Amino acid sequence: MKKLLILIPCFFFSEADAQEVQAVPVDKMNIIKTNVTAYAFRNINLSYERAINQWFSVNIGFGTMTQGKVPFINAFLKDEDEKRFQNLKVKATNFTIEPRFYIGKGYGKGFYFAPYYRYSDVSSNSFDFYYDYDAIDGHTYQIPLKGQGSTSGNSGGLMVGVQFFLTRSQNLVLDFWIAGAHYGSGKGDFTMTSDYVLTPEMQAQLKKEIENLDIPFVDYTVETNANGAKVKVDGPWAGFRSGLSIGYRF
């Protein structure tokens, strides 16, 4: 009888504790966030995360990069090649859907693995491009062209991160994207037009000059004609994700 009297209150306390643990996350299953590190690259972004249960949530994000200089252009173009693209500016948008699998405490807290799909679109302004034409008379002539175009890509990837609740009320959230990478395919067209009528020899040199730019992670083909060149992007599309987001949980 004494043992029974001891077990009864223990049972009620354990039930109350379990209900309290479950009640806290159920009240706050939504998080609005923005990646603050992305603003250094003109990327205005917003994401929404919804917890489905303790270990699973869905995060949807949208970002847009305002028109400006190509980020890290020195990383994939030599200095002499970069100078050929005078006043080149780009803008971009992206959409990401990201299921998250939490380990540990869950309900949006702790380490997670996130396979994701991303759609990206990049377009340029009307920029100036030139190349040096070596004529048969021994002279070199600078041939100017006007370029413009856009490309888009679909890719899938995996990200690993960790999310923290920073306040006692569990309203303020810090989401650390440790590392993520995606791979897919992209398509697009860029045209370059010249005020000069290009001879077959001039077209051949222009084609060679563009092909020798050797832009990494992008496959492209070059077609030339008397008016200029057309660059068709059709091949791999890859990217990397990392950052730090601040959010509000409700």
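Let me check something: with ligands and nucleic acids excluded, how do Val173, Val58 order by accessible area (1.4 Å probe), largest to smallest? All intermediate terms of the calculation are to be shown ahead of the outcome.
Numbers: Val173 0, Val58 40 Å².
Most to least solvent-accessible, the answer reads Val58, Val173.
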Exercise. Out of residues 5 or more away from Tyr130 or on other chains, whose amide H comes under 5 Å of its own, with H placed 1.01 Å from N in the peptide plane?
Worked result: Gln86, Leu145
Exercise. What is the dipole size for the chain, taken about its Cα centre, with +1 at each Lys and Arg Cβ and -1 at each Asp and Glu Cβ, in debye to the nearest 20?
Worked result: 1560
For this session: Just read off the accessible area of Ile31 with the full protein assembly in place, 1.4 Å probe, to the nearest 10 Å².
Result: 10
Problem set entry | Which of Ala226, Ser242, Leu213, positive extreme of dipole for the stretch 205-250 (C-beta unit charges) | Ser242
For this session: Considering the options Thr96, Asn154, Ile52, tell which one lies farthest towards the positive end of the dipole of the chain, charges being +1 on Lys and Arg and -1 on Asp and Glu at the Cβ, about the Cα centre.
Result: Ile52
Problem set entry | Estimated distance in nm for a label pair at Asp79 and Tyr196, the labels positioned 7 Å out from Cα along Cα-to-Cβ | 2.6
Problem set entry | Distance from the stretch 45-115 to the stretch 177-244 (C-alpha centre basis), Å | 23
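Relative to the present Cα-Cα distance, how much length would full extension add between Tyr130 and Tyr39 at 0.36 nm per residue of separation?
Values: separation 91, 0.36 × 91 = 32.76 nm, distance 3.19 nm.
Difference between extended and current length: 29.6 nm.
Ratio of the stretch 43-114's C-alpha Rg to 2.2 N^0.38 Å, to two decimals? Walk me through the numbers on the way to the answer.
On the way: Rg = 18.6 Å, N = 72, 2.2 N^0.38 = 11.2 Å.
Ratio of Cα Rg to 2.2 N^0.38 Å: 1.66.
Ignoring ligands, DNA and RNA, what percent of the 1.4 Å accessible area of the stretch 23-153 is carbon and sulfur?
Numbers: 4360 of 7020 Å².
Within the stretch 23-153, the accessible surface is 62 percent carbon and sulfur.
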Problem set entry | Loop chymotrypsin sites (Phe, Trp or Tyr not before Pro), the stretch 188-230, which have at most 16 other Cβ atoms in a 10 Å radius of their Cβ (DSSP) | Tyr196, Phe217
Seminar exercise, completed: Once phi for every residue in the stretch 105-122 is put through the Karplus expression 6.51 cos²θ - 1.76 cosθ + 1.60 (θ = phi - 60°), the whole-Hz ³J(HN,Hα) values, with Gly and Pro written as x, are 5, x, 6, x, 10, x, 6, 8, 10, 9, x, 8, 10, 9, 10, 10, 9, 10
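Calculate the all-directions average of the projected area of the stretch 78-141's alpha-carbon convex hull, and give it in nm².
Details: hull surface 32.4 nm².
It is 8.1 nm².
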For this session: Mind running the shape call on the stretch 146-240? Use the C-alpha gyration tensor, a ≥ b ≥ c as the square roots of the eigenvalues: rounded below 1.5 for a/c, prolate if a/b tops b/c, oblate otherwise.
Result: prolate
Exercise. So what does Leu166 come to for accessible area, using a 1.4 Å probe and Å² rounded to 10?
Worked result: 90
Exercise. If you place +1 on the Cβ of every Lys and Arg, -1 on the Cβ of every Asp and Glu, and leave all else neutral, what size is the dipole of the stretch 56-174 about its Cα centre, to the nearest 20 Debye?
Worked result: 1020
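Tell me, what is a quarter of the convex hull surface for the C-alpha atoms of the stretch 84-230, in nm² with one decimal?
Values: hull surface 45.1 nm².
The Cα convex hull of the stretch 84-230, projected and averaged over all directions, gives 11.3 nm².
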For this session: Return the single residue from Lys109, Lys33, Lys78 with maximal mean-square fluctuation; model: Gaussian network over the chain, springs between Cα atoms under 10 Å.
Result: Lys78
Problem set entry | Normalised contact order of the stretch 60-108, rounded percent, pairs of Cα under 8 Å and 6 or more residues apart | 53
Exercise. For the charge dipole of the chain, defined by +1 on Lys and Arg C-beta atoms and -1 on Asp and Glu C-beta atoms about the Cα centroid, which residue among His139, Ser124, Pro200 has the Cα displaced farthest towards the positive pole?
Worked result: Ser124
Exercise. If R0 is 22 Å, what FRET efficiency do you get for Gln142 and Lys230 from their C-beta distance, rounded to 0.05?
Worked result: 0.55
Seminar exercise, completed: the chain: relative contact order from alpha carbon pairs under 8 Å, six or more residues apart, as a whole percent, is 18
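The values are calculated or read from the model by the stated rules, or taken from the named source; none is laboratory data. The structure presented is a predicted model; accordingly, all values stated were derived computationally and were not measured. Note that we place each Cβ from the backbone using ideal geometry, even for glycine, and neighbour counts take in every protein chain shown. SASA here: full protein model, heavy atoms, side chains in, ligands and nucleic acids out. Shrake-Rupley method; radii C 1.70, N 1.55, O 1.52, S 1.80 Å.
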